[in-house]
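Enquirer: A single structure is presented below for examination.
The numbers here are math on the coordinates, done by the rules we state, and not lab data. Remember, predicted model here, so these are calculated numbers, not experimental data. Positions of Cβ are generated from backbone atoms using ideal geometry, with glycine treated the same way; all protein chains shown enter the neighbour counts.
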Amino acid sequence: MRQQTQPTVTSNSLVSGIREGLTRPGQKQLPSKFLYDEVGSALFEAISVLPEYGLTRADVRLLRRHATDIVSRLPLPVIVAELGTGSGKKTRWLLEALARRRPSCYCPIEISRSALAMCQRELGDIEAISIVGYEAEYLEGLAQVAARRRDGEHLLVLFLGSTIGNFERPAAVEFLRDVRQILRTGDSLLLGTDLEKPVAQLLAAYDDPLGITAAFNLNLLARINRELEADFALQQFRHLARYNPAARSIEMHLRSTHTQTVTLRAAGFTITLEKDETIWTESCHKYAASEVPLLATKAGFDCTTQWLDHEWPFAESLLVAA
Ligand SMILES: C[S@@+](CC[C@H](N)C(=O)[O-])C[C@H]1O[C@@H](n2cnc3c(N)ncnc32)[C@H](O)[C@@H]1O
């Protein structure tokens, strides 16, 4: 097992992303990718086993049940690149099915160094699968994987867990187009999408009674305190999950309980928050299964097969680069 250790999430990009989001006029916003430092990645793992958060279990059910079928539809040899793996636990089913057909290389791409390490530990024992990890942003890592493939080797990109839902809908099309540009005709993308369901069920999934999702969200401020010498008073913020019916998304915010001033010393700026003003930290868009083929076409893919979970509506879609 080998791992490339070139970090791409420099403190420069952290500073500029945070400055831009907190000093823009109107709604303050922080990029959701910054939720995942070591603590954030560990808290996300805990969220994925919460009873209210059915999403990961639905994804696992589909991958477990259909791994052999999914793999049988791929042209071989294939190199597998996964975008934002987290712990990588559920990828085991696919990799084991693939290994039964042919020894292959798996390339997890992660912005979070600790998630990448978790993934490599989790999947490192699969016979006939060699792992090369990339600590990188999605597209940068994918371009590096594409550059290392040999002639005749196909690429399968995994984008599981409905992480596509973190993009606004037009940005999701743009992102998939960017992925398509890196691929060759006939390459594949396995895309997980969480489907629409009753709002009360969604709200419970993003605001659990144990407060794990709240801790995950608040950790973003704690991370900024740690890494940018900031003085966010965590007890003066509340986790807020709300449904946006126009966007069909759950939005996570941090609500300021007081009017307050926060200084980010290492970044060299100060902000003021009014009482009840929020910082928007993440969006999770929900899809109809029928939207995915349209999304795929707009981005230059054909959606050839879909597998659906009905217990927690969720879709796994196999897209082939047209
Ligand atoms: C919602 S979690 C999903 C994890 C896993 N795929 C799953 O389904 O459980 C998103 C993962 O993507 C990673 N991530 C977020 N933004 C990223 C980016 N721009 N580039 C690379 N990885 C990113 C995070 O560190 C996190 O582990």
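Enquirer: Which FRET efficiency value, to the nearest 0.05, do you get for Arg64 and Asp125 by plugging their Cβ-Cβ distance into 1/(1 + (r/R0)^6) with R0 = 22 Å? Please report the intermediate quantities before stating the final value.
Expert: Working: r = 18 Å, r/R0 = 0.80.
With R0 = 22 Å, the Cβ-Cβ based efficiency is 0.80.
Enquirer: What are the radius of gyration and Dmax of region 240-322, computed over its Cα atoms and given in Å?
Expert: Rg, Dmax (Cα atoms, Å): 19.7, 53.
Enquirer: Need one number: % antiparallel among DSSP beta bridges in the chain, to the nearest 5.
Expert: So the antiparallel bridges amount to about 60 percent of the total.
Enquirer: Moving on to the next point. Name all residues of region 158-194 having a backbone nitrogen under 15 Å from the label point set 7 Å from the Cα of Ala147 along its Cα→Cβ direction, giving them as ranges.
Expert: Answer for region 158-194: 182-183.
Enquirer: Quick one: dipole size for the chain, taken about the Cα centre, charges +1 on Lys/Arg Cβ and -1 on Asp/Glu Cβ, in debye to the nearest 20. Please list the in-between numbers first.
Expert: Values: 36 positive and 39 negative charges, 86 e Å.
The dipole of the chain has a size of about 420 debye.
Enquirer: Once Lys and Arg get +1 and Asp and Glu get -1 on their Cβ, which of Val78, Ala241, Ile279 lies farthest toward the positive end of the dipole of the chain?
Expert: Val78
Enquirer: How long, wide and thick is region 170-322, going by the Cα atoms along their three principal axes, in whole angstroms, largest first?
Expert: 52, 36, 25
Enquirer: Right, next: Go ahead and set up a Gaussian network model of the chain, Cα springs under 10 Å, then flag whichever of Lys28, Lys90, Lys286 fluctuates most.
Expert: Lys28
Enquirer: How far, in degrees from 0 to 90, does helix 113-123 lean away from the longest principal axis of the Cα atoms of the chain, to the nearest 10?
Expert: 30
Enquirer: While we're here: Could you please report the charge total around Arg64, scoring K, R as +1 and D, E as -1 over all other residues with beta-carbon less than 14 angstrom from its beta-carbon?
Expert: On the way: positive: Arg57, Arg61, Arg65, Lys89, Lys90, Arg92; negative: Asp59, Asp69, Glu96, Asp309, Glu311, Glu316.
Net local charge, Arg64 excluded: 0.
Enquirer: Please identify, among Gly17, Gly84, Gly192, the residue showing maximal mean-square fluctuation in a Gaussian network model of the chain using a 10 angstrom Cα cutoff.
Expert: Gly17
Enquirer: Here is a further query. Over the chain, how many pairs of lysines fall under 29 Å by alpha carbon, counting only those 8 or more apart in sequence or from different chains?
Expert: Count of close lysine pairs: 17.
Enquirer: Given a Förster radius of 22 Å and the C-beta distance between Ala247 and Glu20 as r, what FRET efficiency does 1/(1 + (r/R0)^6) yield to the nearest 0.05?
Expert: Efficiency computed from Cβ-Cβ geometry: 0.55.
Enquirer: Between region 28-45 and region 246-309, how far is it from one alpha carbon centroid to the other, in angstrom?
Expert: 12
Enquirer: With the calculation restricted to Cα positions, what are the radius of gyration and Dmax of the chain in angstrom?
Expert: 19.6, 60
Enquirer: Once you've got the GNM for the chain with C-alpha springs shorter than 10 Å, pick whichever of Leu234, Leu156, Leu195 has the biggest mean-square fluctuation.
Expert: The residue that fluctuates most here is Leu234.
Enquirer: What three numbers, in Å, describe the spread of the alpha carbons of region 42-152 along their principal axes, ordered from the longest?
Expert: 45, 30, 23
Enquirer: If you don't mind, there's one more thing I want to ask. Count charges around Leu218 for me, please; just the other residues with Cβ under 13 Å from its Cβ, Lys/Arg as +1, Asp/Glu as -1. Before the final figure, lay out the partial values.
Expert: On the way: positive: Arg223, Arg226, Arg238, Arg255; negative: Asp37, Asp207, Glu282.
Once positives and negatives cancel, what remains is +1.
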